[in-house]
Amino acid sequence: MIPVTQPFLPPKEEYEKYLDGIWKRNWLTNMGPLASQLEMELKDYLQVKHLLFVTNGTVALQMAIKALGISGEIITTPFSFVATTSCIVWEGCTPVFVDIDPKSLCIDPKKIEEAITENTSAILATHVYGNPCNVEAIEAIAKKHDLKVIYDAAHAFGVEVKGKSVFEYGDISTCSLHATKLYHSVEGGLLITKDPELLKKLASIRNFGISGFDSFSELGINGKNSEFHAAMGLANLKYVEEIHQKRKAIAQLYDRMLEGLRAVRPVWHKDSFENYAYHAIVLDSEELLLKLKAEMDKFEVFTRRYFYPSLSSALPYLPKLELPVTEDISRRVLCLPMYFDLTFEEVEFIARLMLRIQNN
Ligand SMILES: *Cc1c(COP(=O)(O)O)cnc(C)c1O
């Protein structure tokens, strides 16, 4: 059986070393020493000024909307994971979907501008598969119309644009450290902002809005993460480069072996590089996709239609809206198995199998 993804686990002894410290200190959560150490090491690794370690990527998005005081309409992408949209609704705002660019699969800046109304207060865009959005165009639009920008950078760990962390774009970027992601802390999330005042506010929101022993400064939530999760993050951080190299080799092997496949890969931002978080292909037709998926399932090679269906037509709590590019791409996009322990022999097997199915 070959799953579509599999979490990375560090050597058990290395995780256990952190546990020894937790037992000694008896400090399990609430901004403990390991959580602080993880924040410092991540800031250093990612080269970002400020960063907060939080519960998960979804709560990070909700906290970002809350901290920026956003209300009304948020222009967003329908081609993302459900949390990108649900956080908007959860915060009492209205998602306004606009279509994506057919090459990058990220939100199309031209369509953003067309969708702006007097009720628009923000843009929430996803760096799809880690591929940076057109951050410069989005920044220019936001400036012109006085809008806040949040990036759902759940997939974009380690990605840079023009040599600078992609997390430093927008007012706030969020990341997910969920077990299925490239780099993880089992469950976890990150909030990144360049603004020290905003950082202070986010830190306060993370801890119920508590400002002193008997005082509260604002509405908050429990956005903290535990020492056990921080320990996994610390243990895994030592392997990030190795994970990146292995994934890169897998992706290159897929690309080489699948040259004859009737499919294209998303076009990457020209001033960036891939982090190999996913291996997505866009097939010529949905028919070919369904045939491949069904036949591969029989061999227990599991692929995932990610993202399908479009968020603008799939959520029972929102009116349905069909956006042509997203509808078309979401029907034809397939993510292939991609994880650290996937072997090159397995990749070759998967690629040969796919070609045989296509050409049959
Ligand atoms: C995984 C993911 C999230 C949610 O992150 P969690 O840590 O699972 O809450 C949000 N947005 C995108 C694009 C994701 O892939």
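A few remarks follow.
- Taking other residues whose beta carbon is less than 14 angstrom from the beta carbon of Lys224, and scoring Lys, Arg as +1 and Asp, Glu as -1, yields -2.
- Estimated at the nearest 10 Å², the accessible area of Tyr15 is 50 Å² with a 1.4 Å probe.
- Fully extending the segment from Glu139 to Asn26 would add 36.1 nm, taking 0.36 nm per residue of separation and subtracting the current Cα-Cα distance.
- Sorted into 5 angstrom bins from 0, the C-alpha pair distances of the range 240-359 split as 2, 11, 19, 21, 19, 13, 9, 4, 1, 0 percent.
- Sorted on the mean count of surrounding Cβ atoms within 10 Å across their residues, most packed first, peptides 100-108, 57-65, 342-350 read 57-65, 100-108, 342-350.
- Rounded, prolate or oblate (a/c below 1.5 giving rounded, otherwise prolate when a/b exceeds b/c) for the chain by Cα gyration tensor: oblate
- Nonlocal amide H pairs with Val301, under 5 Å, H built at 1.01 Å: Ile2
- Peptides ranked, highest mean first, by Cβ atoms within 10 Å: ranges 185-198, 304-317: 185-198, 304-317
- From its DSSP helices (H runs of at least four residues, each -39,500 (n - 2.57)), the chain gives a residue-normalised ellipticity at 222 nm of -12500 deg cm²/dmol.
- Neighbours of Lys270 by Cβ distance under 14 Å: Lys/Arg scored +1, Asp/Glu scored -1, total -3.
- Close Lys-Lys pairs in the range 240-359, where close means Cα under 25 Å and separation is 8 or more or interchain: 4
- A probe of 1.4 angstrom, applied to the heavy atoms of all protein chains, finds His184 with accessible area near 10 square angstrom.
- The peptide list 223-231, 257-265, 2-10, put in order of mean Cβ contacts within 10 Å with the highest first, becomes 223-231, 2-10, 257-265.
- Proximal charge balance of Asn359 [Cβ under 15 Å; K/R count +1, D/E count -1]: 0
- Per-residue SASA entry for Lys201, accessible area with 1.4 Å probe, Å² rounded to 10: 80
- Reachable aspartates and glutamates, given that their alpha-carbon falls under 20 Å from the alpha-carbon of Lys143 and they are not under 8 places away in the same chain: Glu73, Asp108, Glu113, Glu114, Glu118, Asp152, Glu168, Asp171, Asp195, Glu197
The values are calculated or read from the model by the stated rules, or taken from the named source; none is laboratory data. Note that the coordinates shown come from a computational prediction; the quantities given were computed from them, not determined experimentally. We place every Cβ from the backbone using ideal geometry, glycine too, and count neighbours over all the protein chains shown. Heads up: the accessible areas ignore ligands, DNA and RNA and are worked out on the full protein's heavy atoms, side chains in. Shrake-Rupley method; radii C 1.70, N 1.55, O 1.52, S 1.80 Å.
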